[in-house]
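Step one of this worksheet: look at the structure below.
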Amino acid sequence: MIIVLATVESTTEDINNLHQAIVDMQTATIETEPGNISYTFTTEIANPSTMHIVEKWQSMDALKEHFTTPHMAAFQKAMAGYPPKSMDVKLYEVAQELPFPEM
């Protein structure tokens, strides 16, 4: 499994302006990409100008295919209109999912 963790520093206004593009991207990814396990955008409650994107993919090939989709092109175009201050993206390859330990 491939996990993508992205942190996007922007402005609250720009994130609000991207709302529909974010919804469209998330919906299209979940509904049309069979290699996608989950795809979530969130903003921090204490810092609403920070957005996190958490993605889970069955394989690196599935993630690479995601980059070629029309909804990715549309999302990139929307983001270009409201460029983030910074973006940090990390990829992780996970060999095994473990149960949460009992507390």
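Any read-out appearing in this document is the output of simple, stated calculations on the displayed coordinates, not a laboratory observation. Please read all numbers here as calculations on a predicted model, not as lab measurements. We place every Cβ from the backbone using ideal geometry, glycine too, and count neighbours over all the protein chains shown.
Of note:
- Residues of type lysines that Lys64 reaches as a straight line, Cα spacing below 19 Å, ignoring anything fewer than 8 places off in the same chain: Lys56, Lys77, Lys90
- Structure remark: mean-square fluctuation, Gaussian network model of the chain, C-alpha springs under 10 Å; the largest value among Ala46, Ala73, Ala21 belongs to Ala46.
- For the chain, modelled as a GNM whose springs connect Cα atoms under 10 angstrom apart, the maximal fluctuation among Thr29, Thr40, Thr12 occurs at Thr12.
- Burial ordering of Tyr92, Tyr82, Tyr39, fewest other beta-carbon atoms within 10 Å first: Tyr92, Tyr82, Tyr39
- Divided by 2.2 N^0.38 Å, where N counts the residues, the Cα radius of gyration of region 1-43 comes to 1.28.
- Fluctuation leader among Phe75, Phe41, Phe67 - the chain, Gaussian network, Cα springs under 10 angstrom: Phe67
- Computed label-point distance, nm, for sites Gln58 and Met72 using a 7 Å Cα→Cβ extension: 1.7
- Computed helical MRE - 222 nm, the chain, DSSP H runs ≥ 4 contributing -39500 (n - 2.57), nearest 500: -11000 deg cm²/dmol
- Once the Cα-Cα distance is subtracted from the 0.36 nm per residue extended length, the Ile45 to Ala95 segment shows a gain of 14.8 nm.
- Applying the Kirkwood pairwise sum to the alpha-carbon positions of region 2-93 produces a hydrodynamic radius of 13.4 angstrom.
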